[in-house]
1. Counting only residues that are part of a loop (DSSP other than H, G, I, E, B) and on the phi < 0 side of the Ramachandran plot, how many does the stretch 322-374 have?
2. Of the residues Gln108, Gln56, which is modelled with pLDDT of 95 or more and either of a type in the set (Phe, Trp, Tyr) or over 30 Å from Val30 (Cα atoms) (or both)?
3. Within the stretch 1-26, track down each residue that is within 12 Å of Val330 (Cβ to Cβ) and in a helix (DSSP H, G or I).
4. From the residues in the stretch 121-172 that are among the hydroxyl-bearing types (Ser, Thr, Tyr) and out of contact with any Pro (no Cβ under 9 Å at 6 or more places or on another chain), which one is nearest to Glu93 (Cα to Cα)?
5. If you go through the stretch 123-138, how many residues are touching a helix residue (DSSP H, G or I) at 6+ places or on another chain (Cβ under 6 Å) and either more than 25 Å from Glu185 (Cβ to Cβ) or among the polar types (S, T, N, Q) (or both)?
6. How many of the residues in the stretch 188-210 are part of a loop (DSSP other than H, G, I, E, B), buried (at least 17 other Cβ atoms within 10 Å of the Cβ) and of a type outside the set (A, V, I, L, M)?
7. Go through the residues of the stretch 256-270 one by one and say whether even a single one is touching a residue at least 24 places away in the same chain (Cβ under 8 Å), closer than 21 Å to Leu40 by Cβ and not in a loop (DSSP other than H, G, I, E, B).
8. Going by the structure shown, is Lys182 out of contact with any His (no Cβ under 7 Å at 6 or more places or on another chain) and assigned to a helix (DSSP H, G or I)?
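The values are calculated or read from the model by the stated rules, or taken from the named source; none is laboratory data. It should be emphasised that the depicted structure is a prediction, and the values quoted were computed from it without experimental measurement. So basically every Cβ, Gly included, is an ideal-geometry build from the backbone, and we count neighbours across all protein chains shown.
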Amino acid sequence: MSINYSKVPSPAFVLEEERLVRNLKLIAGVQEKTGISIILALKGFAMWRTFPLVAQYLKGATASSLHEARLIFEEMGKKAHTYSPAYLPDDFEELMRYSSHITFNSLQQYETFKDRVQQAGISPGLRVNPEYSDVEVALYNPANPQSRLGTLVEDLENGLPEGIEGLHFHVLCESTSEALEKTLEAFEERFGRFLPSLKWVNFGGGHLMTRKGYDVEHLIKVLKKFKQQYPQLEVIMEPGSAIAWDTGELVATVLDIVHRRGLTTAILDVSFTAHMPDTLEMPYRPKILGATDPQEGKPTYRMGGVSCLAGDFMDAYSFEEELKIGDQLVFWDMIHYTMVKTTTFNGVQHPAICIWKQNNELEVVKTFEYEDFKNRLS
């Protein structure tokens, strides 16, 4: 089964439920074979309409803010594993109501809140920096020694603070099982002496086990080995991209075609800066169904976003036929990390959110109107 894109409104994100279930089954298989807990990271995929489905396969979810924790509690029916670089004092009491685990970024943050966490029966953890990562894009790599994210090993010369029950690291991004294996070596070298006294360890996200070519069997081997070394530890992983990888698209329409001194641009009803920000931040070049990199002799167009930002464009693609105003374009794999980072910059029309159900029917989950734009402002 595949999506009938002609039935999808434009602009719109559309998730295919069958592909989401495929990913969840693979991840649940890893969970079952290794005895670890895999939870959903909302920073990568927060489409809460699917949370009841996700909860059938995964052990829960992780939050980075009060709002994410509340969304997990209300829509998944579970308490969150919560981490933030720093907690807002006025939010903390409510945050505890929605959290089963709270991880602190620094010793000072833990000292500030530890009594309240312990009295509430919440399991406290500390994020640490193993100072290793294979991630080359600095924007997504928190492992450098001067990173604000995570406590360094030299800060723990006198041991872990009393009451800490878990350690958490997060240094991967769309990485391989081999990268996790190397990260664990660095983590154990620096922090291994603390592990026998703990209840849990969180390997963070970035484990892209649903990507084609990912060595799932090697991942299982790595996880089993770690569990055998530390059988008392609950091992937690919190992928974001892996859950929604390759599960849905962004449907767009050509609004205009402009010619400027040898360069032709198709202007679309979507925006790269507002609706696909990772294409500019990461950066990466999204795939468009039916298009290729520029080829001599074929109709070729730069893709222009609908906002007024000068840099709201993607370099040229070639097509088999000339584009016309009103043509539909489909940007592939736009559900993970894309929907959660969209904005209403310029007041541009936010794409609708849709699900192509397993019964082959389209559900338009949400459309966005003027009030959605206005209510974010004042």
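1. So the answer is 24.
2. None of the others qualify; the one that does is Gln108.
3. Tyr5, Ser6 - these are the residues of the stretch 1-26 that are within 12 Å of Val330 (Cβ to Cβ) and in a helix (DSSP H, G or I).
4. The selected residue is Ser123.
5. So the answer is 1.
6. Taking the stretch 188-210 first, the residues part of a loop (DSSP other than H, G, I, E, B) are 198-199, 203-206, 208-210.
Keeping just the survivors that are buried (at least 17 other Cβ atoms within 10 Å of the Cβ) gives 198, 203-206, 208-210.
With the extra rule that they be of a type outside the set (A, V, I, L, M), the set shrinks to 203-206, 210.
The total comes to 5.
7. Step one: filter the stretch 256-270 for residues touching a residue at least 24 places away in the same chain (Cβ under 8 Å), giving 256-258, 263-270.
Now drop any that are not closer than 21 Å to Leu40 by Cβ, which leaves none.
No, there is no match, as no residue in the stretch 256-270 is touching a residue at least 24 places away in the same chain (Cβ under 8 Å), closer than 21 Å to Leu40 by Cβ and not in a loop (DSSP other than H, G, I, E, B).
8. yes
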